[in-house]
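S.K.: Mind looking over this structure? Questions follow.
The values are calculated or read from the model by the stated rules, or taken from the named source; none is laboratory data. Since this is a predicted model, take the numbers as computed values, not measurements. Cβ coordinates were reconstructed from backbone atoms using ideal geometry, including for glycine residues, and neighbour counts include every protein chain displayed. Side chains included, ligands, DNA and RNA excluded: accessible areas come from the protein's heavy atoms. Shrake-Rupley method; radii C 1.70, N 1.55, O 1.52, S 1.80 Å.
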Amino acid sequence: DAPIEVGNRMFVDKDDDGSQDANERGIDGVTVRLIRVSDGQEIATTTTDSEGKYSFGGVGAADLLAANTDYKITIDNGSGTPLNGYKLATKDINSNNSDSIDSDAENDNGTIAINFTTGDAGKNNFTLDAGFVPEVTLVGWIDFDRSGTFDEDEAVSLDTSNGLNTDGTINTVEF
């Protein structure tokens, strides 16, 4: 039987639209695992390249994929990983049947995962993408009484619609 190869890309979804745009970079160094669903067996592990791409299977691969079989790709995230400071993008945002550019990952009981079923022998699948949105948290207050501690009457509410650039950098807010 002809081998099967699957994979594709982890990307920074700067505009949080769930879809890969030309200016959105891949994420290097993400650990990706291939799991056979029927028995939970980890078949292979790889790391994304400088473009955020990964793959499993193919000619001569030790991790040959079986045809018409359920698999799960899990993605290591959290502190100490390249995904620290990112949240998962919206899944399957494209309704135009263009699965090759949208994010396919979802939270699967606390694990980021892409569930899929292989096709017939020789049928490759390079549409298994995961988008990640930079998390931005603004913390601060105006210390009106100069006490060095936060008091309830010192809360500041900011309209951040113009405070954040789409690349995650912060515009300066002056008082």
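S.K.: Could you check ASP28 against (1) among the charged types (D, E, K, R); (2) in contact with a Leu (Cβ under 6 Å, 6 or more places away or on another chain); (3) open to solvent by 70 Å² or more (accessible area, probe 1.4 Å) and say which number it fails?
M.R.: Going through (1) among the charged types (D, E, K, R); (2) in contact with a Leu (Cβ under 6 Å, 6 or more places away or on another chain); (3) open to solvent by 70 Å² or more (accessible area, probe 1.4 Å) one by one, ASP28 breaks only (2).
S.K.: Could you list all residues from the range 125-147 that are modelled with pLDDT of 75 or more, loosely packed, with under 13 Cβ neighbours inside 10 Å and touching a strand residue (DSSP E or B) at 6+ places or on another chain (Cβ under 9 Å)?
M.R.: Matches in the range 125-147: GLU135 only.
S.K.: Within the range 31-40, count every residue that is open to solvent by 50 Å² or more (accessible area, probe 1.4 Å) and touching a strand residue (DSSP E or B) at 6+ places or on another chain (Cβ under 6 Å).
M.R.: Summing the residues that are open to solvent by 50 Å² or more (accessible area, probe 1.4 Å) and touching a strand residue (DSSP E or B) at 6+ places or on another chain (Cβ under 6 Å) in the range 31-40 gives 3.
Yes/no matrix, rows are residues, columns are (1) in contact (Cβ under 8 Å) with a residue 60 or more places away in the chain; (2) more than 22 Å from ASP102 (Cα to Cα); (3) touching a strand residue (DSSP E or B) at 6+ places or on another chain (Cβ under 7 Å); (4) not aliphatic (A, V, I, L, M):
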site: ASN8; (1), (2), (3), (4): yes, no, yes, yes
site: PHE11; (1), (2), (3), (4): yes, no, yes, yes
site: ASP15; (1), (2), (3), (4): yes, no, no, yes
site: ALA22; (1), (2), (3), (4): no, no, no, no
site: GLY26; (1), (2), (3), (4): no, no, yes, yes
site: THR48; (1), (2), (3), (4): no, no, yes, yes
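S.K.: If the requirement is being more than 22 Å from GLY119 (Cβ to Cβ), among the polar types (S, T, N, Q) and assigned to a strand (DSSP E or B), which of these qualifies: THR45, THR90, THR74? It would help to see each step written out before you state the result.
M.R.: Working: THR90 fails: assigned to a strand (DSSP E or B); THR74 fails: more than 22 Å from GLY119 (Cβ to Cβ).
So the residue among THR45, THR90, THR74 that is more than 22 Å from GLY119 (Cβ to Cβ), among the polar types (S, T, N, Q) and assigned to a strand (DSSP E or B) is THR45.
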